[in-house]
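Below is one structure, written out as structure tokens; comments come after it.
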Amino acid sequence: MNTSLACAIDDAPAPLYIVKTSTIHGTGIFARSTIAPGTCIVEYQGERIQWEQALDRADAKGPLNHTYFFSLNDGRIIDGGKDGNAARFINHSCEPNCEAMEHDDGRVYIYALQEIEAGEELSYDYALIYEERHTPAVKRAFACYCGASACNGSMLMPKRSARYRAQKALAK
Ligand SMILES: [Zn+2]
């Protein structure tokens, strides 16, 4: 593992964030004070499940559900809705100020992409990969509410994008 990715959040005296109502959707997490670029903010915790289980769980919640899914390189999903922590409240954005990185041990941490001001909502690009057809039901389940001018309306990565292929290649 690249040592620059080391995450010292377990040693932090207090969380770098607060949880409150989001301007994007539902609940969000916000910078407690200024966060420097590259700072490791929080681990993304939750149950590790297969995509099929994730879709079943999304369907069960109805068309306007709020899911807490994170795609792992091995194709599984972390469902932050089960055994999760505050990281599940970080909203997706098509213009995010954070990024999620999966370490070699399969644990996922959220890092600041840029300087984040106190009170700013944290977000990252979920870039969820779904191999099957992006049916209307799937699209509804993963609709994006970020409101960015570059918003593409979905938390799912487009199936034919270069980034999608790159991530697929990485996942092999
Ligand atoms: Zn968006």
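Counting Lys and Arg as +1 and Asp and Glu as -1, what is the net charge of the other residues whose Cβ lies under 11 Å from the Cβ of Y17?
Result for the local shell: 0.
What distance in nm separates the two pseudo spin-label positions at A137 and N73, each 7 Å out from Cα along the beta-carbon direction?
That separation, rounded to one decimal, is 3.3 nm.
Using a 1.4 Å probe on the protein heavy atoms only, what accessible surface does Y111 show? Give it in Å² to the nearest 10.
10 Å²
Compute the distance in nm between two label points, each set 7 Å from the Cα along the Cα-to-Cβ direction, one at K20 and one at A150.
Each label point is offset 7 Å from its Cα along the Cβ direction, giving 2.8 nm.
Could you compute the net charge surrounding Y44? Neighbours are other residues with a C-beta less than 12 Å from the C-beta of Y44; K and R count +1, D and E count -1.
Result for the neighbourhood of Y44: -3.
The values are calculated or read from the model by the stated rules, or taken from the named source; none is laboratory data. What you are looking at is a predicted structure, and each value in this text was computed from that prediction instead of being measured. Here the Cβ is made from the backbone with ideal geometry for all residues, glycine too, and neighbour counts use every protein chain on show. Ligands, DNA and RNA are excluded from the accessible area calculation, which covers all protein heavy atoms including side chains. Shrake-Rupley method; radii C 1.70, N 1.55, O 1.52, S 1.80 Å.
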